[in-house]
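The values are calculated or read from the model by the stated rules, or taken from the named source; none is laboratory data. Just so you know, these numbers come straight off a predicted model, no measurement behind them. Because the Cβ atoms are built from the backbone with ideal geometry, glycine has one as well, and the counts that use them run over all protein chains shown. Surface areas here come from the heavy atoms of the whole protein model, side chains and all, with no ligands, DNA or RNA. Shrake-Rupley method; radii C 1.70, N 1.55, O 1.52, S 1.80 Å.
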Amino acid sequence: MSLGFKFYSYFNGILVHKDSLGNKYYHDKKNSTKRWVVYAPGFGPDSLPTQFHNWLHNTSDEISSFEAEESNQESLVKRRVQKHSVKHKETNNKGYNSWQPK
């Protein structure tokens with residue numbers, strides 16, 4: 001996250017919520033439909049629970065039910081990241097050699 005964006009969030013945004021992972025959720029001071037998140041170090045979009053994703057995209061305005069899921073949030077994020085992680089293929093076990101120009 002850039003330093004400029006953190007300054008923008010501090011001066012132009014209102015902190016709505018900070019989850020157990022350290023993600024901070026803001027909305028604009030003048031326009032409450034403009035919403036964004038400042039991710040915690042080491043996390044990205046895959047660390048967002050469904051309710052926060054819906055809130056960020058203006059699908060839902062409800063914030064009260066977010067605390068119920070926070071106890072399980074870290075385990076859910078770890079499972080989600082493991083599910084979508086890319087496993088590197090070993091080149092020798094498939095019997096395929098890439099073309100090398102001469």
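Details
- Within region 1-38, restricting attention to residues that are charged (D, E, K, R) and part of a loop (DSSP other than H, G, I, E, B), the residue that is farthest from the chain's Cα centre (by Cα) is Lys30.
- Scanning region 16-52 for residues that are open to solvent by 70 Å² or more (accessible area, probe 1.4 Å), touching an Asp or Glu at 6+ places or on another chain (Cβ under 9 Å) and within 16 Å of Val77 (Cα to Cα) returns a single hit, Thr50.
- Filter result (open to solvent by 60 Å² or more (accessible area, probe 1.4 Å) and either of a type in the set (D, E, K, R) or touching a Lys or Arg at 6+ places or on another chain (Cβ under 9 Å) (or both)) within region 2-11: Lys6, Phe11
- Those residues of region 2-15 which are within 25 Å of Val77 (Cα to Cα) and out of contact with any Phe, Trp or Tyr (no Cβ under 7 Å at 6 or more places or on another chain), in sequence order: Ser2, Phe5, Lys6
- Summed over region 15-67, residues that are farther than 25 Å from Leu3 by Cα and at pLDDT 85 or above total 1.
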